[in-house]
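**Student:** Right, I'll just put the structure down here and ask away after.
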2 protein chains.
Amino acid sequence: MSSPALLTDRYQLTMLAAYAESEHAGRRAVFELFVRRLPSSRRFMLACGVGRALPLLDGLTFSQEALARFARDPVLGPALSRPRVRTLFEGFRFSARVFAVPEGRVVFPGEPLVRVEGTLAEAQLVETLLLSIINHDTRIASKCARIVLAARGRPCLEFGTRRTHEQAAVDAARAAYIAGFAATSNEEAGRRWGIPVAGTMAHSFVLAHAADDGEDGESRAFSNYSTLFDGETTCLVDTFDPLRGVDRAVEAVGARLRGVRLDSGELATLARGARERLDHGGLGGASVVLSDDLDEQKIAALLDGGAPASAFGVGTMAVATPDAPSLGAVYKLVALEDARGALVAVQKRAPGKGSSAGPKQVHRRGFDDVLGLATEPLDGEPLLVEVLGPGASYDASVDAARARARAELASLPESLASLAPRRDDEGYPVSVSPALRRLQDAVARDGKVTI
Amino acid sequence: MSSPALLTDRYQLTMLAAYAESEHAGRRAVFELFVRRLPSSRRFMLACGVGRALPLLDGLTFSQEALARFARDPVLGPALSRPRVRTLFEGFRFSARVFAVPEGRVVFPGEPLVRVEGTLAEAQLVETLLLSIINHDTRIASKCARIVLAARGRPCLEFGTRRTHEQAAVDAARAAYIAGFAATSNEEAGRRWGIPVAGTMAHSFVLAHAADDGEDGESRAFSNYSTLFDGETTCLVDTFDPLRGVDRAVEAVGARLRGVRLDSGELATLARGARERLDHGGLGGASVVLSDDLDEQKIAALLDGGAPASAFGVGTMAVATPDAPSLGAVYKLVALEDARGALVAVQKRAPGKGSSAGPKQVHRRGFDDVLGLATEPLDGEPLLVEVLGPGASYDASVDAARARARAELASLPESLASLAPRRDDEGYPVSVSPALRRLQDAVARDGKVTI
C-alpha cells in the first residue's frame, strides 16, 4: 500500500524542496479551497469529502519507502541531498489547522470549502490530495442531492460501481449516502463506511436458468432465489417480457415477494402494469423499483406522470454526473508570512483564473450568505468550523454528514431546490462584506497587503 | 486494506449463493464484456485495463474477514448457513480462463474486450470489478488517444490528478501513458506503474515569493527554483503578466532554463510572444508548454493556427473526459452449460439493452473487423488472446501496452483518426460472420441453442 503523501502531483514535492532551500518552508500560510463557478445544471453544491480527507491529512509524513524513492529520482534526488531539504522531508509531519464547511452543508461558488492554516510546506503539500477528494466527493454529493430532491421521499439506491473506478466507487457510494440515498450496491462501501447495502439479481441470473428451460426458466430463477432469500426477493423482471416477468414473480415467489425491478423500456407504462399485476396478486406492499440510466430529470418526469414507483436505482448518472462531469475546485494561497514576520494577503491575477486574497469565513443567514474576513464579526452562522487542530470538535461520521444534508435539503428555498437549469441572470445568494472587498481591492492594487 | 472480492455489487454475492443452492454454480459459463455504442465524439476505443485487472482476478478468494462479515449480514448470513453456500464461498477461488483484447489495441462497439470462461460462479462474481476497471481505463485511454493524435508528436503531460478520485488518478495516469502521453504529474503513478513523472511549480510558488517583494517576487521564485533544480526548471509565467513572466524567467534562470508554461489567457498569442522572447534571449531550445483545460480540439486549433507549442499539459479533459464521461461496457452471459451438460448459447432481449449470444472472436484485417464465433476459422488476426489460464503468455506490462497503442495509432486510417464528430451515417468497420448471425437468429427464435 502506498503512502498518501504520494497521492500528489510531482510539483508539490519540488516546491517543497525549493521552499526548504530558500527558507520559506516554515512561514505561516493560509490556503483556501473553493469552486469558481458551477455549471448551469447546478444551483448549489453539497459539501462532501472532508471526513474522508482528515484521517489522511492528520499527521501525514513521508514513509521511508517514499524517501528512498525520492533519493533515487534523477530530479528529486540531488535536491534531497541538500541538508535543509533532507531535514524538511525527513521531519515532515502535517499538523496544520484545518477549517472546513461540514460535510452535508450546502455551499456556493466563491465560498471556501476548506481553509488550511499552517506552515507553507505543510499547507502546500496537501493541495492535490485535498482537491482530489473534495472535487470527487462534492461533485457526486451535489448531483445526488438533486436526485434525492427529485425522488420526493422515495428511496434512491446507488448502483454506479461499474461506471467508475473500483476504488472511487466505494467513496462515490459514501457521497451518495450523505446526500440522502438510502443504500448502495457496493459491498466494500458497506464495510468501510457502514452504509446499507442492497441488491438481488442481474439479468444473467435469469438467463442462467433459461439455459435449461428457455424463457420459462425465469420462474425457476425467481423461485430459486426466494427459497434462499425469503422475504428479501426483488425480482428483475425485464430479461424477456417485463409484465410477463411480473406475473412469473408473483406466481413463483408469492406473498413474500418484496418487489420487482424494471430496468428497460417505457418505465412509466411498465411501472403501471407492474403495479396493477402486483396489486391484483394481493401484493399491494411489494415495491416497483425502477432503474435504467435514471437522473433527476427522468425521475421527476416519471413522478409528474404519476408512475407508481416505489424506489429508484441510479447508477451512471449518480457517479459519472455527465451534466457536470468534473468539479473545478481550486486551492489557492490567500495569505503568507513575509520576511518581516507579518501575515500578508496575496492573490493571483490570471484572467478568469484569479484568486481572492485573505483568509475568509462564510456567514449564513437563511440562505443569504455573506463572505467576510475570517476575523470579521458578522451576523449569521459561521459555516467553516475547525475540523483538525487544537480547537476541533468535528463529528466526521457519515451519519452526522447525512443528518446535516437532510436538514439542509429540507430547508432549501424553491429557487435552489428547483431542478430547472440556472438562467444566466440567476446568481448565487452570496454577498461580500465591505471589509473583504476593501482588502481585495487593495491587494489588486498593491500586490500584497499586511493583515 | 479490503479484499478485491468486496469491490463488487451486492447482487453478485446473493446470486453466487443462489447458484450454489440450486447447484448452478459449477456449470461451465462464458461471459463477454463489450460496449454497445460509443458517443458521437469517439471513432474508436483504445482497450485498456486488463493488465490492471489480471492480478486482482488471478486466484481471487474471499478473505476470512469478508466471510465473517457476510456471516453477520442479515441477508447474506442466513444464506451462508446453508452447507452448499458455505462450501462455495469458503472454497471460492477464481481460476477461470480469461481472453481479452490486449491493452493498447483499437476496438469498436459490439466487439468483446474480454471473454471469461469458467464456472458460472467465478465468471459471474468478477463482473462488477472487471467492468469498473475496463470502463474506467478504456474511457480515459480512448480520450487520451485522440489528444495524442491532436498533438502531432508533441509530448502530452497528464495533469488531471486533482480532477478525479485520488486512487482513480493513479490509474488514469496509467491509461493516459498507454495511450501515448509522455508523462504524468502523479507521483504514485510513477511508483506503481513506472511512468515518467513531471512537474515543477504552481502559481502558489510564485505568490509565496510575492509576499516579500510583490510582483517582483516572481523573479526570485524562478531563481530560487533553478538554484535547486538546475537544468530542470520550467517556469510557470502567468501568475501576474505572462510575457513579463517569460522575461523574468529568461533573466532569472538564464541559459539553463528548460522552458516556460502558460496556463491562462489567449494561449496562441501568448505562445508566440513567449517563443519570441525565449529565442531573443538565446533560448531557442527552451520549451513553451501550454495548459488550461486543453482537449484534442483546442490542441488541434492551436497547432492549426501555428502556435509554437512544444508540449501540452492536459488535466480535466484527459481524466474526466467530459464529452463522454462514462463508458457503458456491459458484461453478459453468452453461453452456459445446461442440465444435460451441453453448452448452450443464450441472450437477453430487453429493448436496446439486449445481448449477443455465443462465445465470440474478433478477426482484424487492416481495420476491417469480422466478429465471428470463437471456434470459427476466419481470416485475419484474432484480437482476443488468452491472458489468464493454461495457454496464457500475455505481456501485461505498461510498456508493452504503450508500444501496441503507438503502432495501432500510427496505422489508423483517416476515417478513424479524424477528430471530427462521427456522423450518424458513419458506422464502425465491423461485420458479423454468417455463422454467428445464424446462431444469434436461432437464439432469438428459440431462446437457447446448443453449440
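What follows draws every value from the coordinates through simple rules; no lab data is involved. Being a predicted model, the structure only gives us computed values, none of them experimental. Because the Cβ atoms are built from the backbone with ideal geometry, glycine has one as well, and the counts that use them run over all protein chains shown.
**Student:** Please work out the Cα convex hull volume for chain A and give it in Å³ per residue.
**Tutor:** Hull volume over Cα atoms, normalised by residue count, gives 165 Å³.
**Student:** Output the pairs from A:Lys332/A:Lys448; A:Lys298/B:Lys143; A:Lys332/B:Lys143; A:Lys360/A:Lys448; A:Lys298/B:Lys332; B:Lys332/B:Lys360 with a Cα-Cα distance over 18 Å in this structure; if there are none, say none.
**Tutor:** Check vs 18 Å cut-off fails for A:Lys298/B:Lys143; A:Lys332/B:Lys143; A:Lys298/B:Lys332.
**Student:** Label-to-label distances across copies for B:Arg93, with labels 7 Å out along Cα→Cβ, in nm, shortest first?
**Tutor:** 4.5
**Student:** Additional query: Give the residue from B:Phe240, B:Gly265, B:Ala150 lying farthest towards the positive end of the charge dipole for segment B:150-319; charges sit on Cβ (+1 for Lys and Arg, -1 for Asp and Glu) and the dipole is referred to the Cα centre.
**Tutor:** Farthest towards the positive end: B:Ala150.
**Student:** Distances in nm, one decimal, shortest first, from A:Gln64 to the same residue in every other copy, taking the label point 7 angstrom along Cα→Cβ.
**Tutor:** 2.7
**Student:** Moving to a separate point now. Hey, what angle do you get for helix A:434-446 against the long axis of chain A, alpha-carbon based, 0 to 90 degrees rounded to 10?
**Tutor:** 60
**Student:** Quick one: P(r) of segment A:147-319 from all Cα-Cα pairs, 5 Å bins, percents rounded to integers, in order of increasing distance.
**Tutor:** With 5 Å bins starting at 0, P(r) equals 2, 9, 18, 20, 20, 16, 11, 4, 0.
**Student:** So what J values fall out for segment A:377-386 if you push phi through Karplus, 6.51 cos²θ - 1.76 cosθ + 1.60 with θ = phi - 60°, rounded to Hz, Gly and Pro as x?
**Tutor:** Each residue of segment A:377-386 in turn: x, 9, 5, x, 7, x, 7, 7, 10, 6 Hz.
**Student:** Taking the Cβ of each residue in B:Thr450, A:Thr161 as the centre, tally the other Cβ atoms inside 10 Å and list the residues starting with the fewest.
**Tutor:** B:Thr450, A:Thr161
**Student:** For A:Arg437, put the label point 7 Å out on the Cα→Cβ axis and report which residues of segment A:360-391 keep their amide N under 19 Å from it.
**Tutor:** Under 19 Å, as judged by backbone N against the label point of A:Arg437, lie A:360-365, A:368-380 of segment A:360-391.
**Student:** Order by neighbour count: B:Ile178, A:Ile299, fewest other Cβ atoms within 10 Å first, most last.
**Tutor:** By the 10 Å Cβ count, ascending, the order reads A:Ile299, B:Ile178.
**Student:** With contacts defined as alpha carbon pairs under 8 Å and 6 or more residues apart, what's the relative contact order of chain B in percent?
**Tutor:** Details: 895 pairs, mean separation 95.2, N = 451.
Across chain B, relative contact order equals 21 percent.
**Student:** Now, a different point. Give the angle, between 0 and 90 degrees and rounded to the nearest 10, that separates the Cα long axis of helix A:10-21 from the longest principal axis of the Cα atoms of chain A.
**Tutor:** Taking the Cα atoms of chain A, the angle to A:10-21 is about 20 degrees.
**Student:** In degrees, nearest 10, range 0 to 90: what is the angle between the Cα axis of helix A:203-213 and the longest Cα principal axis of chain A?
**Tutor:** The answer is roughly 30 degrees.
**Student:** Something else now. Note down the magnitude of the dipole of chain B about its Cα centre, charges +1 on Lys and Arg C-beta and -1 on Asp and Glu C-beta and zero elsewhere, to the nearest 20 debye.
**Tutor:** 1680
**Student:** Tell me, what is the FRET efficiency for B:Ala407 and B:Ala301 to the nearest 0.05, using R0 = 22 angstrom and their Cβ-Cβ distance as r?
**Tutor:** FRET efficiency, B:Ala407 to B:Ala301: 0.20.
**Student:** As an exercise, identify the trypsin sites (Lys or Arg not before Pro) in segment A:10-46 lying in DSSP coil whose Cβ has no more than 11 other Cβ atoms within 10 Å.
**Tutor:** Working: sites: A:Arg10, A:Arg27, A:Arg28, A:Arg36, A:Arg37, A:Arg42, A:Arg43; in loops: A:Arg27, A:Arg36, A:Arg37, A:Arg42, A:Arg43.
Here the sparse-neighbourhood loop sites are A:Arg37.
**Student:** Test of understanding: what is the full-extension gain from B:His280 to B:Asp216, defined as 0.36 nm times their sequence separation minus their Cα-Cα distance? Each step should come with its number before you reach the end.
**Tutor:** Numbers: separation 64, 0.36 × 64 = 23.04 nm, distance 2.16 nm.
Taking 0.36 nm per residue and subtracting the Cα distance, the gain is 20.9 nm.
**Student:** Ok, one more. Report the GluC sites (Glu not before Pro) located in segment A:1-78 that are in a DSSP loop and have at most 13 other Cβ atoms inside 10 Å of their Cβ, or state none.
**Tutor:** A:Glu23
**Student:** Continuing with this model, one more query. Taking A:Arg340 in one copy and the same position in all the others, each labelled 7 Å out along Cα→Cβ, what are the pairwise distances from the first, in nm, shortest first?
**Tutor:** 9.5
**Student:** What are the equivalent ellipsoid semi-axes of the protein assembly as shown, built from the alpha-carbon gyration tensor (square roots of five times its eigenvalues), in whole angstrom, biggest first?
**Tutor:** Values: eigenvalues 472, 209, 115 Å².
Three semi-axes, in Å: 49, 32, 24.
**Student:** Within 10 Å of each candidate Cβ there may be at most 15 other Cβ atoms; applying that plus a DSSP loop requirement, which GluC sites (Glu not before Pro) in segment A:192-289 survive? List each step's numbers first, then the result.
**Tutor:** On the way: sites: A:Glu215, A:Glu218, A:Glu232, A:Glu251, A:Glu266, A:Glu276; in loops: A:Glu232, A:Glu266.
Loop-located and lightly packed - A:Glu266.
**Student:** Per residue of segment B:290-306, in order, report the coupling 6.51 cos²θ - 1.76 cosθ + 1.60 (Karplus, θ = phi - 60°) as ³J(HN,Hα) in whole Hz, putting x for Gly and Pro.
**Tutor:** Whole-Hz 3J(HN,Hα) from phi for segment B:290-306: 10, 9, 2, 6, 6, 9, 5, 6, 5, 5, 4, 5, 4, 6, 4, x, x.
**Student:** Can I ask one more? How large is ³J(HN,Hα), in whole Hz, for each residue of segment B:149-164 in order, when computed from phi with the Karplus curve 6.51 cos²θ - 1.76 cosθ + 1.60 and θ = phi - 60°, using x for Gly and Pro?
**Tutor:** Per residue, the Karplus-derived 3J(HN,Hα) values read 4, 5, 7, 6, x, 6, x, 10, 10, 8, 10, x, 3, 6, 9, 8 Hz.
**Student:** Let me ask you something else. Please state the charge dipole magnitude for the protein assembly as shown, taken about the Cα centre, from unit charges on C-beta atoms (+1 on K and R, -1 on D and E), reported in debye and rounded to the nearest 20.
**Tutor:** Working: 108 positive and 114 negative charges, 32 e Å.
Result for the protein assembly as shown is approximately 160 debye, rounded to the nearest 20.
**Student:** Would you mind getting me the FRET efficiency between B:Ser393 and A:Thr227? Use the beta-carbon distance for r and R0 = 35 Å, nearest 0.05.
**Tutor:** 0.20
**Student:** Residues with amide H under 5 Å of A:Val344's amide H, sequence separation 5 or more or different chain, H placed in the peptide plane at 1.01 Å from N; which?
**Tutor:** A:Leu336, A:Glu337, A:Asp338, A:Ile451
**Student:** When a footprinting reagent is the concern and you count Cβ atoms within 10 Å, what order do A:Val289, A:Val260 take, fewest first? Each step should come with its number before you reach the end.
**Tutor:** Details: A:Val289 26, A:Val260 33.
In increasing order of surrounding Cβ atoms, one gets A:Val289, A:Val260.
**Student:** Moving on. Looking only at other chains, what is the average number of their beta-carbon atoms within 10 angstrom of each beta-carbon in B:121-129?
**Tutor:** The shielding value for this peptide is 2.
**Student:** A further question follows. Rounded to the nearest 500 deg cm²/dmol, what is the calculated helix-only ellipticity per residue at 222 nm for the protein assembly as shown, with -39500 (n - 2.57) per DSSP H run of length n ≥ 4?
**Tutor:** -12000 deg cm²/dmol
**Student:** Another one. Efficiency by 1/(1 + (r/R0)^6): what FRET value for A:Ser63 and A:Ala255, r their Cβ-Cβ distance, R0 = 60 Å, to the nearest 0.05? The partial results should precede the final answer.
**Tutor:** Details: r = 58 Å, r/R0 = 0.96.
Computed FRET efficiency for A:Ser63 and A:Ala255: 0.55.
**Student:** Please get the size of the charge dipole for segment B:85-162, origin at its Cα centre, with Cβ charges of +1 on Lys and Arg and -1 on Asp and Glu, quoted in debye to the nearest 20.
**Tutor:** Dipole magnitude for segment B:85-162 comes out near 420 debye.
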